[in-house]
Amino acid sequence: MEKTTFDQNTFAVADMEAARRIILTPTAGQSTDERWEIETPYMAGLLGDQLAIRPGQTIVDYGCGIGRLSKALIERFDCFVLGVDQSEDMRALAPAYVKNAAFSAVSRRMFHQIGLRGFRADAAFSVWVLQHCPQPDEDIGLIAAALPPQAPITVVNMKRRALSTREKGWYDDGFDLRSRLAGQFREVAAGPLPDEIVTPRVAEATFWATYRR
Ligand SMILES: C[S@@+](CC[C@H](N)C(=O)[O-])C[C@H]1O[C@@H](n2cnc3c(N)ncnc32)[C@H](O)[C@@H]1O
């Protein structure tokens, strides 16, 4: 393989507006704001159904960004959400966006540590994240370690990988995320996102799937 250097700064953002633009990049048919407005409530419903979220439960939002979905879930289901994000900037912006004491954002390192010390969530989800992770086995392992047996996890992702690299921009390294997830968990449901929510082009390129430990 030719040299590819992972670009660590992709999710380094100066402010909330820049964060929104990289979290939901404009597509052929939808602006960032349109995606935010249309996709967020749909995704909250999908996650609520798939994870059977009930009031008082603690849910992990892996790759939470500024907490777009954490906020929607807390407001809709009265749950607690622990956001995890590798970007210091996203973690710093998230509390001001979510504005709820039922939310906190932590680093991957802290998430690993509290998992070692016994933290277990009721469920987890990861939306538009694993496609970008250079070492997805590590991320999958971290999430698995924070879930007790039978707890569900829902993943929403592109079918192909999109690693941010200095040499090639967004790069597909061929890693087969779905088979790796199926190796670590048991797939219990899966489907496409609706055309009318994400546009037919995005629907074709993406999937959601729910697994149990
Ligand atoms: C496209 S954004 C999606 C944010 C959020 N899930 C949403 O849908 O609004 C991807 C997020 O994943 C985070 N991320 C990327 N790689 C990660 C990793 N290995 N571990 C944790 N977070 C990661 C980024 O910093 C960024 O905030």
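Every read-out reported here was derived from the displayed coordinates using simple, explicitly stated rules and does not represent laboratory data. A quick note: this is a predicted structure, and the numbers were derived from the prediction, not measured. Every residue, glycine as well, gets a Cβ built from its backbone with ideal geometry; the counts of neighbours run over all protein chains shown.
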With PRO26 itself left out, Lys, Arg at +1 and Asp, Glu at -1 over residues whose Cβ is under 14 Å from its Cβ give -1
Partner lysines whose C-alpha sits under 20 Å from that of LYS168, ignoring same-chain residues fewer than 8 away, are LYS3, LYS159
Treating only Lys and Arg (+1) and Asp and Glu (-1) as charged, each at its beta carbon, one finds that segment 1-51 has a dipole about its Cα centre, in Debye to the nearest 20, of 160 debye
Low-density loop trypsin sites (Lys or Arg not before Pro), segment 19-82, at most 10 other Cβ within 10 Å, DSSP non-H/G/I/E/B, are none
Fewest to most Cβ atoms within 10 Å: TYR211, TYR42 sort as TYR42, TYR211
Expressed in nanometres to one decimal, the distance between label points 7 Å along Cα→Cβ at ARG54 and THR27 is 3.4 nm
Hits in segment 191-210: amide N under 14 Å from the 7 Å Cα→Cβ extension of ARG178, namely 191-193, 203-210
With GLY45 itself left out, Lys, Arg at +1 and Asp, Glu at -1 over residues whose Cβ is under 12 Å from its Cβ give -1
Farthest towards the positive end of the dipole of segment 64-213, among VAL202, GLY115, LEU181 and with Cβ unit charges of +1 on Lys and Arg and -1 on Asp and Glu, lies the Cα of GLY115
Taking R0 as 22 Å and r as the Cβ-Cβ distance between ALA190 and ILE38, the FRET efficiency 1/(1 + (r/R0)^6), rounded to the nearest 0.05, comes to 0.50
Full extension between GLU88 and ILE197 adds, at 0.36 nm per residue less the Cα distance, a length in nm of 36.2 nm
To the nearest 0.05, the calculated FRET efficiency linking LYS99 and THR5 through their beta-carbon distance, R0 being 41 Å, is 0.65
To the nearest 20 debye, segment 33-167 has a Cα-centred charge dipole, built from +1 on Lys and Arg Cβ and -1 on Asp and Glu Cβ, of 260 debye
